[in-house]
Amino acid sequence: MELGLLGGEWQLGALAALGAALFWALATVIYGQVGQTFAPLWLNLFKGGIAIALLTLTLLLTADPIPSQVLAPVGLLLISGVVGIGLGDTAFLFALSKLGARRTLLLETLAPPLTACLAWLFLGETLPLRAWLGIVLVLLGVGWVIAERTPDWVRDPAHLKQGLLWGVLSTLCQGVGAVLSRAALVQSTLTPLWSTLLRLLGGMGMIILLLALLKTGQRRPTGQILRSPKLWGAIALAALLGTYLGIWLQQTAFKLAPAGIAQTFLATSPLFVLPLAALLKEPISLRAVLGVFIALLGISLLFSGGTA
């Protein structure tokens, strides 16, 4: 089926994806500091546990019951969490350690077109030419920003090869996870809140398994670290923004918008880091400003509507 881009429902989904990108950018700044203290998988475990607690409390307060006859969608969402959060996020963290932030994020811009292709193959979602043009402009802008050479630009060939493999795996997992989420949400009455919890539960299960398998590479946090109120406050804030609100908005986007379009807006997270960097008195290059402008052109093209 070909999907037009007119209508308030799609626009709400796009706004939800932009909101998720913003919250992920804020959380990334915090994780950049906390990540120097915790091993990646332990950090994933703690932030996931906090987000699951918040989601459970929200479900109890809103009295949002899980619909009946949703066994297949629940299974899809759990698998989506295993693939997208458990495997995808872990691969992303390994790529980050080998490639540096900018190259890793550059590889992540492959996720939206990959997601759109997978959605076309498995969900029958096709997009008008105007939408593809908007996607290309957004990704060109994001890629232009994060491809700029910085001190973390990796030159070690061994690290480059390993990082590329981890980065490609992360991108593939993101695409598969997104399509599985979209499939579960469009064929059921599950709310984004429930789908967020189910995805996180699947992801947490995989993270626990990986911690058991990778004991030697994932040092346990020391008691002194675990007793730091300041550190836990930072983790809780990042989990609230990036995991609880971010994934909730992500699932809302997948519920309301085509998978490829939602993933495109989610990929704008690096653009939101730039104003944050400016607030922290970090220099912003003309190239970065031009990249943001190109991406904004693509976003405006998508929001201006298309016809199916």
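Restricting attention to region 269-304, and to residues there that are farther than 29 Å from LEU129 by Cβ and within 21 Å of the chain's Cα centre (by Cα), which single residue is modelled with the highest pLDDT?
That would be PRO275.
Looking at LEU59, is it assigned to a helix (DSSP H, G or I) and farther than 19 Å from GLN250 by Cβ? Reasoning before the result, please.
Working: assigned to a helix (DSSP H, G or I): yes; farther than 19 Å from GLN250 by Cβ: no.
When the stated conditions are applied, LEU59 does not pass them.
Looking for something modelled with pLDDT under 90, outside any helix (DSSP H, G or I), surrounded by fewer than 21 Cβ atoms within 10 Å (Cβ to Cβ) and touching a helix residue (DSSP H, G or I) at 6+ places or on another chain (Cβ under 8 Å) - is there at least one such residue anywhere in region 221-243?
Yes, region 221-243 has at least one match.
Looking only at region 33-41, decide whether some residue is of a type in the set (Phe, Trp, Tyr), farther than 23 Å from LEU301 by Cα and part of a helix (DSSP H, G or I). Explain how you work it out, then say what you get.
Restricting attention to region 33-41, the residues satisfying the condition of being of a type in the set (Phe, Trp, Tyr) are 38.
Now drop any that are not farther than 23 Å from LEU301 by Cα, which leaves 38.
Now narrow it down to the ones that are part of a helix (DSSP H, G or I): none.
No, the conditions are met nowhere in region 33-41.
Can we say THR189 is outside any helix (DSSP H, G or I), over 21 Å from the mean Cα position of the chain (by Cα) and at pLDDT below 95?
Numbers: outside any helix (DSSP H, G or I): yes; over 21 Å from the mean Cα position of the chain (by Cα): yes; at pLDDT below 95: yes.
So THR189 fits the description; yes.
Could you identify the single residue in TRP24, TRP42 that is in contact (Cβ under 8 Å) with a residue 24 or more places away in the chain, of a type in the set (Phe, Trp, Tyr) and surrounded by fewer than 19 Cβ atoms within 10 Å (Cβ to Cβ)? Show your work before the answer.
Numbers: TRP24 fails: surrounded by fewer than 19 Cβ atoms within 10 Å (Cβ to Cβ).
After applying the criteria, what remains is TRP42.
Determine whether ALA253 is in contact (Cβ under 8 Å) with a residue 60 or more places away in the chain, within 17 Å of SER80 (Cα to Cα), buried (at least 23 other Cβ atoms within 10 Å of the Cβ) and in contact with an Asp or Glu (Cβ under 7 Å, 6 or more places away or on another chain).
Working: in contact (Cβ under 8 Å) with a residue 60 or more places away in the chain: yes; within 17 Å of SER80 (Cα to Cα): yes; buried (at least 23 other Cβ atoms within 10 Å of the Cβ): yes; in contact with an Asp or Glu (Cβ under 7 Å, 6 or more places away or on another chain): no.
No: the conditions fail for ALA253.
For the structure I just gave you, tell me whether TRP144 is among the aromatic types (Phe, Trp, Tyr), at pLDDT below 85 and assigned to a helix (DSSP H, G or I). Don't jump to the end; show me each part of the working.
On the way: among the aromatic types (Phe, Trp, Tyr): yes; at pLDDT below 85: yes; assigned to a helix (DSSP H, G or I): yes.
Answer is yes for this residue.
The values are calculated or read from the model by the stated rules, or taken from the named source; none is laboratory data. This structure is a prediction, so every number in the text was calculated from the model and none was measured. When we count neighbours, we look across all protein chains shown, and the Cβ atoms used for this are built from the backbone with ideal geometry, even at glycine.
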